[in-house]
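The structure appears right after this line, and notes come after that.
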Amino acid sequence: MEQVNKSKIFLAACMALIVTSMTFAIRAGILTQLGVDFEISNKELGWINSMAFLGFPLAMLVGGLLYNVLGAKKLLTIAFVCHLLGLVLTIYAGGFWTLIISTFFIGFANGSVEAACNPMIADMYTNNRTAMLNKFHVWFPGGLVIGALVSKFMTDGGIGWQLQIATMLIPTLIYGFLVFTQKFPENENIESNTSSNIKALANPLFLFMMVCMTLTATSEFIPQQWIETILGSSGASPMLVLALVTGIMALGRFFAGPIIHKLNPVGVLLMSSIITASAIYFMSVADGSMVYVAAALFALGVCYFWPTMIGFISEYASKTGALGMSLVGGAGMFATSMWNPIIGSRLDTEKASALASGLVGDAADIEAGRSVLGFMVYFPVTLIVLFGILFIMRSKIEKYRIHQDSSVESI
């Protein structure tokens, strides 16, 4: 009988996450070219991008509800098919509507990867869930670096956006091959009764963490979009900033195990909130090379947010099963999509104020960015309060946690 090879299954999950993050980085890098080639306005480009954010939480919701029926292998097969369709349709796109459809497929594929892999990893490594989920999520910042470098060097070399999109077919085919050729484990260590999962969603701790996830995701993803803009306007290298931030995030997640076992997930989340709030405030007031220090501090603060939140649900609200993990992830991405236009509008307003005060060019951009970051501080500050309450109550909630074995680390 064919044995389950956890290492190869974990590799397939990591390759799928690399494709997910590469789609974000490369699409961002080719956005200007798409606008020029298809004569698409910025507003229409915004609608195209929004399809990725719509498809992602929708796939997580559907995947969470169907995980117990379909299992991780079928959900990853769906992700593979949707990635292939989305990438090929983008390469052969003829205009706005083709790009809308292709981007939705890619977003749905990305959400399917999260919906399949988070509970699968929690099930395979049930004695070490949060640490292994952090190791898995190493490859989101890792894939961003790969995608950004591919886009930059191919663009600088005059290579068209179609070939840039095509590079993602390579890791897609690799994870597809692994999915089709490996035996996947049965659901043994997570609650696999969907009716029980749905009933467990009423758990006050789960609802509390759902609210927190909207704040952790917004604290992580929104400022990242402005860090490069601010530093770029200051004359710094956006690529150096990206390498710094994503490199620190990847290293932090890879070595998360000992920190999580020392502080436990609640302590890690509280620590991350304090560092993130300090970093965002620091970025809003720092000048010159000190902004690099603030960016590094920000990366250290946010690197544990997403995987530790997913891991917390799998450990402390385990009866919610795959559905709980998917809903929490979907809530984070949905909140980010809702705050994006609000923050963008605020940036326009702050820039207009800066121009009205007499600032021009880069100086106005920098001042507007700093004002927005000053507003963003309130998100992690709120988290300090919420996670502080949770930390005070940690002895009461610890009884709900499934057993964790700190000696178990191997993939």
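The values are calculated or read from the model by the stated rules, or taken from the named source; none is laboratory data. From a predicted model like this one, the values you see are computed outputs, not experimental measurements. Counting neighbours? That spans all protein chains shown, and the Cβs are built from the backbone with ideal geometry, glycine included. Quick note on the areas: whole protein, heavy atoms, side chains included, nothing else; ligands and nucleic acids left out. Shrake-Rupley method; radii C 1.70, N 1.55, O 1.52, S 1.80 Å.
Annotations
- Selection from the range 14-51 of residues that are open to solvent by less than 50 Å² (accessible area, probe 1.4 Å) and either under 30 Å from residue 183 (Cα atoms) or among the charged types (D, E, K, R) (or both): 14, 15, 16, 17, 18, 19, 20, 21, 22, 23, 27
- With respect to the conditions (1) crowded, with 23+ Cβ neighbours inside 10 Å; (2) under 20 Å from the mean Cα position of the chain (by Cα); (3) at pLDDT below 80, residue 226 lacks only one, and its number is (1).
- With a requirement of 1 or more residues that are among the polar types (S, T, N, Q) and farther than 29 Å from residue 28 by Cα, the helices (runs of 4 or more DSSP H) lying completely within the range 130-199 that satisfy it span 169-181.
- Screening the range 246-266 for residues that are among the small types (Gly, Ala, Ser), out of contact with any Asp or Glu (no Cβ under 9 Å at 6 or more places or on another chain) and crowded, with 17+ Cβ neighbours inside 10 Å and picking the one that is nearest to residue 18 (Cα to Cα) gives 250.
- Any chance residue 77 is assigned to a helix (DSSP H, G or I) and under 19 Å from residue 21 (Cβ atoms): no
- Among the residues making up the range 158-171, a single one is over 18 Å from residue 19 (Cα atoms) and either crowded, with 18+ Cβ neighbours inside 10 Å or in contact (Cβ under 8 Å) with a residue 24 or more places away in the chain (or both): 160.
- Candidate set: the range 394-411, residues that are of a type in the set (Val, Ile, Thr) and modelled with pLDDT of 80 or more; chosen: the one nearest to the chain's Cα centre (by Cα): 402
- Flag if residue 190 is of a type in the set (A, V, I, L, M), over 24 Å from residue 243 (Cβ atoms), modelled with pLDDT under 90 and open to solvent by less than 30 Å² (accessible area, probe 1.4 Å): yes
- Pairs, first within 18 Å of residue 268 (Cα to Cα) in the range 200-217, second open to solvent by 50 Å² or more (accessible area, probe 1.4 Å) and modelled with pLDDT of 95 or more, C-beta under 7 Å, six or more apart: 215/382
- Whichever residue in the range 347-363 is assigned to a helix (DSSP H, G or I) and more than 18 Å from residue 223 (Cα to Cα) and, among such residues, is least open to solvent (accessible area, probe 1.4 Å): 354
Residue by residue, here is whether (1) more than 30 Å from residue 54 (Cα to Cα); (2) under 23 Å from the mean Cα position of the chain (by Cα); (3) in contact (Cβ under 8 Å) with a residue 24 or more places away in the chain holds:
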| residue | (1), (2), (3) |
| --- | --- |
| 325 | no, yes, yes |
| 333 | no, yes, yes |
| 339 | no, yes, yes |
| 355 | yes, no, no |
| 358 | yes, no, no |
| 365 | no, no, yes |
| 375 | no, yes, yes |
| 386 | no, yes, yes |
| 392 | yes, no, no |
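- Among the residues examined, residue 271 does not qualify as in contact with a helix residue (DSSP H, G or I) (Cβ under 8 Å, 6 or more places away or on another chain) and open to solvent by less than 20 Å² (accessible area, probe 1.4 Å).
- Residue that is nearest to residue 192 (Cα to Cα), among those in the range 124-157 that are open to solvent by less than 40 Å² (accessible area, probe 1.4 Å) and of a type in the set (Gly, Ala, Ser): 131
- The residues listed here are 70, 61, 54, 11; of these, the one that is farther than 21 Å from residue 104 by Cβ, open to solvent by 40 Å² or more (accessible area, probe 1.4 Å) and part of a helix (DSSP H, G or I) is 11.
- Residue, farthest from residue 209 (Cα to Cα), within the range 310-346, restricted to residues that are hydrophobic (A, V, I, L, M, F, W, C) and open to solvent by 50 Å² or more (accessible area, probe 1.4 Å): 342
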